[in-house]
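Encoded as structure tokens, the structure appears first; notes follow it.
The values are calculated or read from the model by the stated rules, or taken from the named source; none is laboratory data. These numbers come from a predicted model, not from an experiment. Cβ placement follows ideal geometry from the backbone for every residue including glycine, while neighbour counts extend to all protein chains displayed. To get the accessible areas, we keep the full protein, side chains included, count just its heavy atoms, and leave off ligands, DNA and RNA. Shrake-Rupley method; radii C 1.70, N 1.55, O 1.52, S 1.80 Å.
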Amino acid sequence: MTAQSPSTAPLPGTTTPDHRGRTGLDLAGRDLDRNPGVRVREVELTSRGWHVLRRTTFDYRRRDGRWESQQRETYDRGNGAVVLPYDTERGRVLLTRQFRYPAYVNGHPDGMLVEAAAGLLDADDPATAIRRESAEELGVELGPLTHVFDSYMSPGSVTERLHFFAAPYTPADRTGEGGGLAEDGEDIEVLELPFTEALAMTLDGRIDDAKTVMLLQWAALHGPFRNG
């Protein structure tokens, strides 16, 4: 029996499993028909790392009625959730600081970003996922969750939709040190900051992470600190 040549062997992640056991990665989007002005023609896998990069060819009907062929690359990392834990009695919020290489390579002074705790949903619903992430990253058991809004954070290339939450906490709810999972390479510093300081940090550049800015602005305008 002769080995199948590389040119005809199924691409891992299509009909044969990739290194994470996934198949059918080339099928995403092929059956989309919600927009009659978009006809998906071809989906090509261009990278199958921890997440998936695809190049999709589709026909697009412009506003003047003309059809044209377009290509877009999409980075699929799954959907996620983010939370702002707050203590109105003490006027505090819980945030994190961790190294982010993409920010570092794109001009951030040291890559150490101050952020609201967040993570991918994986197989969980958004509320379950953010409680999990809060326990792992912050070492806190959250009170009742408030769903703030959902948002596509970089819709030009990234498929992720982020679910935003806020939740109260007290010092008694701090159940651990947090810090994330070392086996996942996480090394997260927990920051408990006065809300007024955190909000000021969004204006002077010390906080320049979009999801965190959005939650802090919401807290000031519509949330628990709107009268503070």
Would you be able to tell me the number of residues in the range 7-32 that are closer than 24 Å to D122 by Cβ and either modelled with pLDDT under 85 or open to solvent by less than 70 Å² (accessible area, probe 1.4 Å) (or both)? 14
Could you say whether any residue in the range 86-107 is among the acidic types (D, E), surrounded by 14 or more Cβ atoms within 10 Å (Cβ to Cβ), at pLDDT 95 or above and farther than 23 Å from L181 by Cα? yes
Kindly check whether there is at least one residue in the range 100-123 that is of a type in the set (S, T, N, Q) and touching a strand residue (DSSP E or B) at 6+ places or on another chain (Cβ under 9 Å). no
Those residues of the range 45-66 which are more than 30 Å from R131 (Cβ to Cβ), open to solvent by 40 Å² or more (accessible area, probe 1.4 Å) and touching a residue at least 24 places away in the same chain (Cβ under 8 Å) amount to T46, R48, R61
